[in-house]
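First comes the structure, then the notes that go with it.
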2 protein chains.
Amino acid sequence: MHAAAAILLSVFVIFVAAQIGAEIAQRLRLPGVVGEIVAGCVIGPSALGWIQADSIANGTPLDVLSELGVVLLLFSVGLETRLDDLKKVGRTAFLVGVLGVVIPFALGSIWAHGVGYEWTKSLFVAAAFVATSAGITARVLQELGALSRIESRVILGAAVIDDILAMLLLGVVTSLGDGGEVRIGSLLLVLAQAIGFIVVIGWVGTRVMRVRGDWIERPLNPLSPLSITLAICLGLAFLASELGLAAIIGAFLAGMIASETRKRDELEHQTQPLLAFLTPFFFVITGAKIDLSVFASASALWMLLVVTVIAIVAKLAGGFLGALSLGKRGAAIVGVGMVPRGEVGVVIASLGLAAGVFSNEIYAVIVAMSLLTSIVTPPVLAWMLKRESV
Amino acid sequence: MHAAAAILLSVFVIFVAAQIGAEIAQRLRLPGVVGEIVAGCVIGPSALGWIQADSIANGTPLDVLSELGVVLLLFSVGLETRLDDLKKVGRTAFLVGVLGVVIPFALGSIWAHGVGYEWTKSLFVAAAFVATSAGITARVLQELGALSRIESRVILGAAVIDDILAMLLLGVVTSLGDGGEVRIGSLLLVLAQAIGFIVVIGWVGTRVMRVRGDWIERPLNPLSPLSITLAICLGLAFLASELGLAAIIGAFLAGMIASETRKRDELEHQTQPLLAFLTPFFFVITGAKIDLSVFASASALWMLLVVTVIAIVAKLAGGFLGALSLGKRGAAIVGVGMVPRGEVGVVIASLGLAAGVFSNEIYAVIVAMSLLTSIVTPPVLAWMLKRESV
């Protein structure tokens with residue numbers, strides 16, 4: 001009974017902190033998500049300590065709520081994304097995705113080697129510079145009602161490609177870190193699986209839904225279209241993570257499939273309360289994971305500054321160069337939208353820590369960088385999009 | 001990464017099993033909730049084993065999802081309950097609640113003593129016969145659109161009183177089990193806290209909301225009425241469980257408070273998707289906790305039969321006698337509605353196991369009885385309510 005009360009208290013504290021943070025941020029004309037992340041920082045283990053570090057570790061109930069929150073968020077983003085619109089930006093998105101991986105990876109490994117890591121370890125560190133977190137950008141774009149813009153579609157498409165490349169890269173550097181040789185054969189297999197998954201689900205799935213989407217209305221329960229598409233979302237999120245992709249890629253594809261049915265508007269409407277209840281857990285817990293004590297040492301602070309600048313500049317450059325076909329202003333928006341590393345950078349950093357490649361300091365710096373990029377991006381993106389619409 | 005995939009798989013399997021179970025049940029003209037519980041039995045550890053016993057133990061992510069599911073369910077039931085309507089049935093509900101505790105407790109302790117338990121342990125066993133699970137009955141009433149009936153209000157009111165009495169009883173028998181004397185003073189304090197909580201929240205809260213309910217619309221976020229009432233729901237659920245009441249009592253009161261605002265219809269509408277996503281976890285996991293291997297031994301099977309019959313007859317008698325003022329037919333509906341023990345019986349049984357008072361066999365029997373009463377009740381209740389409306 002008492003354990004149940006403790007978890008209810010954490011759920012309550014996180015949920016209320018998110019509401020207060022979002023409200024303050026919005027009154028300061030910042031996106032609500034910034035307020036939720038900062039609220040997480042404030043109540044997290046390294047500040048007030050209302051949320052303990054071991055209660056938000058991987059696999060804990062709060063972590064699972066956070067995971068479900070981001071899965072549902074990307075599902076709802078998928079619902080607002082039509083395959084036909086995405087296809088129109090396919091070439092640009094591909095360029096942005098590839099350059100957005102190559103440039104950060106190159107700069108990151110040069111920096112890591114420069115501060116004294118051997119090359120093998122440098123590549124692992126650099127891998128943490130690579131993956132874009134679609135979750136945070138998507139939420140900002142959604143809040144601003146900008147998901148239908150061409151830049152948004154380029155960013156989301158590029159994030160999908162980005163994720164495939166990051167996963168591949170992680171496969172390479174993990175086998176390097178193990179001291180083994182890179183097995184090209186198994187890497188190609190992983191790549192083929194990932195591409196196969198996205199093509200089959202994204203292309204075949206949307207086609208099937210367009211022609212035979214009525215079956216989701218056949219069960220007796222009036223809410224069945226929602227239940228069935230949520231089931232598809234959970235299933236694809238599982239499949240994606242089983243294939244080594246981020247679970248949110250599967251959720252995004254599920255939303256894209258569901259958006260081809262004629263229940264689309266109803267589904268968009270019904271997912272709003274789900275997002276209101278569950279996404280705060282993702283953003284608050286992301287914030288709570290920031291270890292503020294890193295900032296107590298000047299050398300770590302300096303390292304954090306350098307790493308963050310490299311991470312931002314490299315992604316900006318990749319996104320900007322890749323999206324030049326949209327014009328300079330559009331390319332700049334895409335570049336900024338690609339900056340957040342969020343949870344993906346954190347995941348790679350914790351893999352590095354577990355593999356013994358990362359020291360505690362570089363781990364803390366990489367995590368803080370991932371989160372800093374996520375805090376810095378939303379207001380800049382909002383400012384750029386608002387300035388443009390004036 | 002792999003742990004995340006495993007939990008997503010469980011979430012997916014439970015969610016899909018619930019949809020299939022509910023659909024089959026509804027096509028057989030049974031309430032959907034029966035199908036969800038049976039689906040849990042089927043995929044649970046003692047049948048197919050798709051869900052492992054340790055993944056649904058207390059405090060696991062799946063257990064927390066299930067807890068949130070039943071909290072939201074009782075919140076939505078509260079949303080459909082007006083204090084003024086409840087007050088009209090106050091006297092009857094009180095009688096039903098008291099008789100529904102006294103009769104099962106008396107019969108249960110006589111039975112337990114009869115099969116060889118000493119009196120102190122018998123009282124503990126009997127405590128597991130007492131508490132009514134509002135969750136299952138509420139869902140059936142909701143599915144049938146019968147929440148506004150006078151019998152429904154009596155049942156829900158009685159369940160609140162029942163819960164207070166069960167908690168008191170548990171306090172008494174736990175201190176008896178410890179071998180200590182019953183401290184009347186501390187028991188009175190617990191009782192006063194519980195009654196104070198319900199009166200303050202239920203009576204003052206609804207009054208405040210009726211006069212000053214507009215503040216929930218003041219934040220910038222258009223979904224803020226939902227977010228604020230959900231925050232109140234989580235907060236009161238925590239407070240209730242901190243006071244030793246079931247968390248769902250707090251959630252129910254939160255819903256009742258929220259129903260006094262003018263956003264009531266909007267809130268009812270917005271909670272539907274939340275229920276569709278989260279309540280299946282509660283019902284499937286309730287089903288998955290049934291240990292079917294108990295049924296392999298004839299003596300345990302016989303004990304289960306006797307215990308279940310006693311539990312049903314005792315509650316039926318208490319509910320029926322208490323509600324005679326509604327007429328015989330109404331009293332019978334109330335009696336049947338009070339039968340399910342559900343999660344409350346399970347909680348008491350596990351406390352007994354932990355305290356060393358229950359053997360493994362009696363534990364399994366009490367849990368199975370709690371769940372059998374939950375499976376048997378919905379079709380009977382649905383049949384009685386449908387017959388009446390013809």
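Brief remarks follow.
- The residue pairs whose first member lies in the range A:239-256 and is facing chain B (nearest Cβ under 10 Å) and of a type in the set (Asp, Glu), whose second member is in a helix (DSSP H, G or I) and open to solvent by less than 20 Å² (accessible area, probe 1.4 Å), and whose beta carbons are closer than 7 Å, counting only pairs six or more residues apart or on different chains, are A:GLU242/B:ALA5.
- Matching option when the condition is closer than 30 Å to B:ILE20 by Cα and surrounded by 24 or more Cβ atoms within 10 Å (Cβ to Cβ), among B:ALA314, B:ALA254, B:ALA288: B:ALA288
- Qualifying residue in the range A:208-215 (condition: of a type in the set (Lys, Arg) and either assigned to a helix (DSSP H, G or I) or surrounded by 15 or more Cβ atoms within 10 Å (Cβ to Cβ) (or both)): yes
- Residue that is more than 12 Å from chain A (Cβ to nearest Cβ) and either surrounded by fewer than 23 Cβ atoms within 10 Å (Cβ to Cβ) or under 17 Å from B:LEU141 (Cβ atoms) (or both), where the choices are B:VAL38, B:VAL70: B:VAL38
- Output for the range B:216-230, where each listed residue is surrounded by 15 or more Cβ atoms within 10 Å (Cβ to Cβ) and assigned to a helix (DSSP H, G or I): B:ILE216, B:SER224, B:PRO225, B:LEU226, B:SER227, B:ILE228, B:THR229, B:LEU230
- Members of the range B:108-149 found to be of a type outside the set (Gly, Ala, Ser) and assigned to a loop (DSSP other than H, G, I, E, B), listed by number: B:VAL115, B:TYR117, B:GLU118, B:PHE129, B:VAL130, B:THR132, B:LEU144, B:LEU147, B:ARG149
- Taken together, the criteria exclude A:GLU151 from residues that are farther than 19 Å from A:GLY319 by Cα and of a type in the set (D, E, K, R).
- Exactly one residue out of B:LEU236, B:LEU278 is part of a helix (DSSP H, G or I), without any contact (Cβ under 8 Å) to a residue 60 or more places away in the chain and within 14 Å of another protein chain (Cβ to nearest Cβ): that is B:LEU236.
- Each residue in the range B:1-39 was checked for being on the phi < 0 side of the Ramachandran plot and basic (Lys, Arg), and 1 pass.
- For the range A:44-57, a residue qualifies if it is within 22 Å of the chain's Cα centre (by Cα) and open to solvent by 10 Å² or more (accessible area, probe 1.4 Å), and the qualifying residues are A:ALA53, A:SER55, A:ALA57.
- Failed item, numbered, when A:THR60 is tested on (1) open to solvent by 10 Å² or more (accessible area, probe 1.4 Å); (2) under 29 Å from A:HIS269 (Cβ atoms); (3) within 14 Å of another protein chain (Cβ to nearest Cβ): (2)
- In the range A:266-310, the residues that are of a type in the set (Val, Ile, Thr) and over 15 Å from A:VAL33 (Cβ atoms): A:THR271, A:VAL294, A:VAL306, A:VAL307, A:THR308, A:VAL309, A:ILE310
- Picking from residues in the range A:8-30 that are open to solvent by 10 Å² or more (accessible area, probe 1.4 Å) and at pLDDT below 90, the one that is nearest to the other protein chains (Cβ to nearest Cβ) is A:GLN26.
- Qualifying residue in the range A:340-353 (condition: at pLDDT 80 or above and surrounded by fewer than 16 Cβ atoms within 10 Å (Cβ to Cβ)): no
- Failed condition for B:SER389, given (1) at pLDDT 85 or above; (2) more than 18 Å from B:ALA128 (Cα to Cα): (1)
- Single condition B:GLU260 does not satisfy, out of (1) in a loop (DSSP other than H, G, I, E, B); (2) out of contact with any Leu (no Cβ under 8 Å at 6 or more places or on another chain): (2)
- Among the residues of the range A:92-146, those that are charged (D, E, K, R), surrounded by fewer than 24 Cβ atoms within 10 Å (Cβ to Cβ) and touching a residue at least 24 places away in the same chain (Cβ under 8 Å) comprise A:LYS121, A:GLU143.
- Matching residues, the range A:55-107, being over 27 Å from A:ALA314 (Cα atoms), β-branched (Val, Ile, Thr) and part of a helix (DSSP H, G or I): A:VAL64, A:VAL71
- Qualifying residue in the range B:301-310 (condition: within 14 Å of another protein chain (Cβ to nearest Cβ) and either assigned to a helix (DSSP H, G or I) or surrounded by 24 or more Cβ atoms within 10 Å (Cβ to Cβ) (or both)): no
The values are calculated or read from the model by the stated rules, or taken from the named source; none is laboratory data. The structure displayed is predicted, hence computed values, not measured ones. Cβ sites come from the backbone with ideal geometry, for glycine too, and all protein chains shown count toward neighbours. Only protein heavy atoms, including side chains, enter the accessible area calculation; ligands, DNA and RNA are left aside. Shrake-Rupley method; radii C 1.70, N 1.55, O 1.52, S 1.80 Å.
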